[in-house]
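Q: Take this structure, written in structure tokens, and hold onto it; I'll ask about it next.
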Amino acid sequence: MRWENRRRSDNVEDRRGQNTTPVNAAMGGGIALRLLPVLLKTKGGRTLLLLGVLAFFGARMLGIDLMPLLTGGQISTSSAPAQLSAEQQQLGEFVSVILADTEDTWSQIFAAKGQRYQPPKLVLFSNYVQSACGSANAAVGPFYCPADRKVYIDLSFYHDLKTRYKAPGDFAQAYVIAHEVGHHLQTLLGITAQVRQQQQGLPKARQNQLSVRQELQADCFAGVWGHHADRHRQMLAPGEMQQALTAAAAIGDDRLQKQATGTVTPDSFTHGTSEQRMRWFKRGFDSGDMSQCDTFAAGTTL
């Protein structure tokens, strides 16, 4: 992709190098965390309180907040951002440019409809992150949280996309960001809330069917962005369209289930098949029109 020397987004939170560890009974969490439970089990109430306070403020001096341990929350170990490699810095710049381009595309589309686009924040993290939707580690993959309107991604996912899922290339990586921004659009348009309401009380298989339609719409919205990035700003190099299709196919429910278990269970699909994901992305890319992305009005075969 031709992304160098383009505008970068101001809506990026780079949390890489910040160590936030979930609290649980089986986790030691460092010297200060191992000492605190021992001290709390010593003598009577006054000693317990005193030692708890000392442990608390001693830990704060080391940059560790122990108060969440007493309230069932998270322990955050503060540190300066880690030194990033040249590759990590470049990836951060890349996703910032892609996010900026989605901002330009959707701002123009919304403005044409007399509306104002409110862009999401993009959070870069390492290993583990806390969002308004709960905690997650890198294994979860990129996700969007409607509660805080932020996209979260551990950029190590791109290594998995290239090696594990066999979907390399800049446009494959850009598709991932654009898909999550598609979920942000669904939040702004009230689609996410409508889906959640419709899912209430339905059997699990029917809930999954609605989730599939929501995910395929986000794929289509990603394609709409790709159309405008290519048509109006010439960001794509020849042949790069196939990279996004390869990525969409690689993370289809049927392919992932087949790889993991050797069998496919359609009733458990939540994102759509490889063929569906490619088709809806291409529909958005070919048309450049978000009105073509109404997966909820599509037939039963999608």
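The values are calculated or read from the model by the stated rules, or taken from the named source; none is laboratory data. Small disclaimer: the values here were computed from a predicted structure and weren't measured. When we count neighbours, we look across all protein chains shown, and the Cβ atoms used for this are built from the backbone with ideal geometry, even at glycine.
Q: For the stretch 229-255, which positions are crowded, with 17+ Cβ neighbours inside 10 Å and over 13 Å from ALA174 (Cα atoms)?
A: Result: ALA249, ALA250, ILE251, GLY252, ASP253, ASP254, ARG255.
Q: Of all residues in the stretch 164-222 being out of contact with any Asp or Glu (no Cβ under 6 Å at 6 or more places or on another chain), touching a residue at least 60 places away in the same chain (Cβ under 8 Å) and of a type in the set (Gly, Ala, Ser), which is surrounded by the fewest Cβ atoms within 10 Å (Cβ to Cβ)?
A: SER211
Q: Evaluate the following for LYS121: is it basic (Lys, Arg), under 27 Å from ARG6 (Cα atoms) and surrounded by fewer than 17 Cβ atoms within 10 Å (Cβ to Cβ)? First the steps, then the outcome.
A: Working: basic (Lys, Arg): yes; under 27 Å from ARG6 (Cα atoms): yes; surrounded by fewer than 17 Cβ atoms within 10 Å (Cβ to Cβ): no.
Here the answer is no, as LYS121 does not meet what is asked.
Q: Can you tell me which of ARG206, ARG213 is in a helix (DSSP H, G or I), basic (Lys, Arg), at negative phi and touching a Phe, Trp or Tyr at 6+ places or on another chain (Cβ under 8 Å)? Break it down stepwise before answering.
A: On the way: ARG206 fails: touching a Phe, Trp or Tyr at 6+ places or on another chain (Cβ under 8 Å).
Checking each option against the conditions leaves just ARG213.
Q: Residue check: is HIS179 modelled with pLDDT of 95 or more and touching a strand residue (DSSP E or B) at 6+ places or on another chain (Cβ under 8 Å)?
A: Values: modelled with pLDDT of 95 or more: yes; touching a strand residue (DSSP E or B) at 6+ places or on another chain (Cβ under 8 Å): no.
No; evaluated as a whole, the condition is false for this residue.
Q: Filter the stretch 129-174 down to the residues that are of a type in the set (Phe, Trp, Tyr) and within 12 Å of the chain's Cα centre (by Cα) and list them by number. Lay out the reasoning, then the answer.
A: Looking only at the stretch 129-174, we keep the residues that are of a type in the set (Phe, Trp, Tyr), and these are 143-144, 152, 157-158, 165, 171.
Those that are of a type in the set (Phe, Trp, Tyr) and within 12 Å of the chain's Cα centre (by Cα): PHE143, TYR144, TYR152, PHE157.
Q: Which residue is surrounded by the most Cβ atoms within 10 Å (Cβ to Cβ), if the candidates are limited to the stretch 256-271 and must be of a type outside the set (S, T, N, Q) and free of Cβ contacts under 8 Å to residues at least 24 places away in the same chain? I'd like the intermediate steps shown before the answer.
A: Filtering the stretch 256-271 for residues of a type outside the set (S, T, N, Q) gives 256, 258, 260, 262, 264, 266-267, 269, 271.
When the remaining residues are screened for being free of Cβ contacts under 8 Å to residues at least 24 places away in the same chain, the result is 256, 258, 260, 262, 264, 266.
Details: LEU256: 16, LYS258: 13, ALA260: 8, GLY262: 7, VAL264: 14, PRO266: 13.
Here the answer is LEU256.
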